[in-house]
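What follows is a set of notes on a single structure, which appears directly below.
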Amino acid sequence: MTTERHIELGRQTALISFLLGTVIFGLYFLTSSFELLFVGYGFIALTGLINIGILISILLKAYKDKENRKKLLTTCGLMLMNIPVMVVYCWVAIILLDTMRITFTNSTQTTLTNINIIGCGGGQIDKLEIGESETVWVKITGDCSIDLKYLSNGQQKEEGVAGYVTSSMGQKIKHNIGGQNEELF
């Protein structure tokens, strides 16, 4: 294989690995789908093996081709730049696994105030107008449940959001305050 072909293969591999990894991570970030975690793990293993094989091939070519060594080693550096990207994506995925991202929507006919998220890492929303939504990231601190306490027309109300959550169970969910919700756990 020619030096130019090695360089082109290395650059294409780096770009395709980056783009596909970013798409998988982006879809996971948007959906919190556990299936995408497994796709991501498989992708890391498969592309890791492919990238290592191509990287070794380019390094061997660089060892033999002193004239083009700098270009070949630059291509290796480009391929290696995907490693810190993958580490950041994995780090964010681990944070998401320990976080409930809950979009609260006021489905009542009154403005809600002093909305307290009780349980796990908790949280607070000062005010939600009728039909208004706000997303709160609730840290999962171990085995816990998530409930709400809020004021509606000055009257204290309570309702459950998630009956049981535990570490590595992070999800992205929607909760209609005062309305119909799917039973989560």
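The values are calculated or read from the model by the stated rules, or taken from the named source; none is laboratory data. These numbers were taken from a predicted model, which means no experiment stands behind them. All Cβ positions, even for glycine, are placed from backbone atoms using ideal geometry, and neighbour counts span all protein chains on display.
For the stretch 1-53, the candidate set comprises residues that are more than 30 Å from residue 98 (Cα to Cα) and among the acidic types (Asp, Glu); within that set, the residue that is farthest from the chain's Cα centre (by Cα) is 4.
Out of 26, 42, one residue alone is farther than 30 Å from residue 146 by Cα and of a type in the set (Gly, Ala, Ser). It is 42. Among the residues making up the stretch 61-84, a single one is polar (S, T, N, Q) and without any contact (Cβ under 8 Å) to a residue 12 or more places away in the chain: 74. For residue 181, the requirement of being in a loop (DSSP other than H, G, I, E, B) and farther than 23 Å from residue 92 by Cα is met.
Within the option set 31, 47, 3, being without any contact (Cβ under 8 Å) to a residue 40 or more places away in the chain and either touching a helix residue (DSSP H, G or I) at 6+ places or on another chain (Cβ under 7 Å) or exposed (fewer than 13 other Cβ atoms within 10 Å of the Cβ) (or both) holds for one residue only, 47.
So which residues in the stretch 104-122 are at pLDDT 95 or above and under 23 Å from the mean Cα position of the chain (by Cα)? Answer for the stretch 104-122, where residues must be at pLDDT 95 or above and under 23 Å from the mean Cα position of the chain (by Cα): 104, 105, 117.
Listed here are the residues, each with its yes/no results for (1) under 30 Å from residue 150 (Cα atoms); (2) at pLDDT below 95; (3) hydrophobic (A, V, I, L, M, F, W, C).
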{"residue": "49", "(1), (2), (3)": "no, no, yes"}
{"residue": "63", "(1), (2), (3)": "no, yes, no"}
{"residue": "68", "(1), (2), (3)": "no, yes, no"}
{"residue": "94", "(1), (2), (3)": "no, yes, yes"}
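For the stretch 135-142, the criterion of a residue being at positive phi, surrounded by fewer than 16 Cβ atoms within 10 Å (Cβ to Cβ) and modelled with pLDDT under 95 is satisfied by at least one position.
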